Amino acid sequence: MPAEVLDRDALLAAYQVDGPLDEPDLRSVAELATHVCAVPYAVVNLISEHFQHQVAAVGITPSVCARGDAMCAVTIGEPEPVEVPDARDDPRFAANPFVTGRLGLVRFYAASQLRSPSGAVLGTLCVFDETTGALTAPQRHALDLLAGQAVAALELRRAYRALTATVRDLADARVELERSNGQLAAFAGQVSHDLRNPLAGVTGFLELLADHPAVAGETTARRHVERALAAAGRMRAMVDDLLAYARVGGTLSTGRVDLGVLLREVLDDVPPGTFDAARLDLGVLPTVRGDTTQLRAVLANVVANAVRCARPDRPLVLRTRARPAGDRWIVEIADNGIGVPPERREEAFELLRQVHEPGTVAGGSGIGLATCRRIVSAHGGSISLDDGLDGGTAVTITLPSA
């Protein structure tokens, strides 16, 4: 099969053409063609491998006919528009059933090819009459322009259908995502429950053991128990973080969120004494559009990381700044802690990825920043790590303005 036939049939499939189309724009093109060319008949034809599809027509009822009977099937192979004053005198059409009387009595016939943006010939816009005739130069030019308009209408139809299909797929994907998120949250909740109960038992027994005279009075034994208690505490924190991560991604309850107020609430929740020696340089933060609960979790995680990663040899400094960027705000929360190497900053947002040594003061669960990214992404924003103060870390968050 010739390549042009394959291209044309693929395009017709994209247009979803198998007969007359209920497209007012195409009907208007045909009507305008009859007026401009002063003839009673005009048809927008699309030619497939085996058929001619009359997708819009004036003067006749649009239908589908065999390609071998179609005059326009000949025209699409011509390099230029075709004009025939009397089809009976043209060897290309003299024996055609639309000329001989079997299907019609066409005498005058003119057609301009419908060329897709890729250059493939899809069919024609043809005008005809049962008497002989001819077009003027302006009429020929107008017929060519109208053929281009017919292609534009077809392209619009194809684009609309593609957009509709995409929207439908996205809607289906969203439903499936919400279902999956619900299942993930339920599963994580069950696993969390199943882990917390035995973990609470382990912690309780360790606390009893720590107070037992045989342990309390023996330095080495007590140190081992304290290490076990610390490990249990980290395990409990990891379970809580995993549950928080699983719950992110559901429907957002969005509204106006004052990040300055939210940050002050987060700082108020920090254990007493945490910032006694610290310097807080809190600039004015904006009001954004988002989910208060989830954005509070982001700020709480960033503050917790800054506290955990503070250098032991100097007081913690925490600085906040914000600047507008079009319809968004860019918020920066910087600290002077131990920092994150540039080559590992993106890695820090991967689930269960730790960029500091596990078990160290700075070594977290590897879940917090992954949760932050899920939350910020769900808001249509972004989050990244940059250079902070004196080798520390700056967390840059972009969120939509309120």
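Here are the numbers:
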item	result
Hits in the stretch 265-314 - residues which are at pLDDT below 95 and in contact with an Asp or Glu (Cβ under 6 Å, 6 or more places away or on another chain)	A306
Those residues of the stretch 41-51 which are surrounded by 24 or more Cβ atoms within 10 Å (Cβ to Cβ) and of a type outside the set (A, V, I, L, M), in sequence order	N45
Residues of the stretch 262-314 satisfying the condition of being acidic (D, E) and in contact (Cβ under 8 Å) with a residue 40 or more places away in the chain	D291
Strands (runs of 3 or more DSSP E) wholly inside the stretch 261-326 that include at least 3 residues being in contact with a Ser or Thr (Cβ under 8 Å, 6 or more places away or on another chain) and surrounded by 14 or more Cβ atoms within 10 Å (Cβ to Cβ)	287-291
Members of the stretch 75-91 found to be modelled with pLDDT of 95 or more and either over 52 Å from the mean Cα position of the chain (by Cα) or part of a helix (DSSP H, G or I) (or both), listed by number	P85, D86, A87, R88, D89, D90, P91
The stretch 367-382: number of residues that are buried (at least 18 other Cβ atoms within 10 Å of the Cβ) and within 13 Å of V288 (Cβ to Cβ)	4
Among the candidates L105, L125, residue that is of a type in the set (A, V, I, L, M, F, W, C), assigned by TED's automatic domain parsing to the domain that holds R158, surrounded by fewer than 21 Cβ atoms within 10 Å (Cβ to Cβ) and at pLDDT 95 or above	L105
Set D144, D172: member being modelled with pLDDT of 90 or more and either acidic (D, E) or outside any helix (DSSP H, G or I) (or both)	D144
Filter result for the condition that a residue is in contact (Cβ under 8 Å) with a residue 60 or more places away in the chain and over 29 Å from A14 (Cβ atoms), over D129, D144	D129
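The values are calculated or read from the model by the stated rules, or taken from the named source; none is laboratory data. These numbers come from a predicted model, not from an experiment. Positions of Cβ are backbone-derived with ideal geometry, glycine not excepted, and every protein chain shown enters the neighbour counts.
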